[in-house]
């Protein structure tokens, strides 16, 4: 077991090492512009990526906002369970994010999507809608990249296909994006 744990930690370090600093800096810049222009920031994912999306919305909406003095307008599209289940039941599960965007989003807003495979139909559909309607889009994906990488304006790829390792690295990116403002609130100026 010890060898398996050591191998897992080594592979996790390699996944973290694959995070491109320039791409994370670009994400921070996108968030900065959204904040300055009072734009809405939407974030979404499935499974563990849904949990990461909710965690990110909390950290940006509370933690980073507390430090910079003006709130980031951030919403996790995963967090209204009754709405998601109504949309999935009455339409289809691939509609759960795009139908929320159709309700809330305006041109110039930002949508951040998280997926290991890059092929989640509901995220692909949300990104396609965002592209057609003038939203800025970012996709955090694993090494397979998937369809999301073809649609999003910005793509951050974690060079691994293991769900746990990619989701851990994506949460690291989300934490960096939030802590950039928590530790440097002057960067929103």
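Just so you know, all these numbers are worked out from the coordinates, no wet-lab data involved. Since we're looking at a predicted model, the values are computed, not measured. Neighbour counts are summed over all protein chains in view; Cβ atoms, including those assigned to glycine, are modelled from backbone coordinates with ideal geometry.
A few notes on this one:
- The residue 38 and residue 1 beta-carbon pair, evaluated with R₀ = 35 Å, returns a calculated FRET efficiency of approximately 0.10.
- Packing around the peptides 150-157, 181-188, taken as the average count of other Cβ atoms within 10 Å per residue, puts them in this order, highest first: 150-157, 181-188.
- Cα centroid separation - the range 126-189 against the range 5-19, whole Å: 19
- Note on the chain: helix-only mean residue ellipticity at 222 nm, from DSSP H runs of 4+ residues weighted -39500 (n - 2.57) and normalised by residue number, equals -16500 deg cm²/dmol.
- Full extension of the chain between residue 163 and residue 189 yields a length gain of 5.7 nm, computed as 0.36 nm times the residue separation minus the alpha carbon distance.
- Relative contact order for the range 53-156, counting Cα pairs under 8 Å that sit 6 or more residues apart, in percent: 20
- Extending 7 Å from Cα along the Cβ direction at residue 10 and again at residue 82 yields two label points whose distance is 5.2 nm.
- Using C-alpha pairs below 8 Å separated by at least 6 residues, the relative contact order for the chain is 27 percent.
- Computed from the C-beta positions of residue 23 and residue 90 and an R0 of 41 Å, the FRET efficiency is 0.65 to the nearest 0.05.
- Net lengthening on full extension, residue 128/residue 145 (0.36 nm per residue, minus Cα-Cα): 4.6 nm
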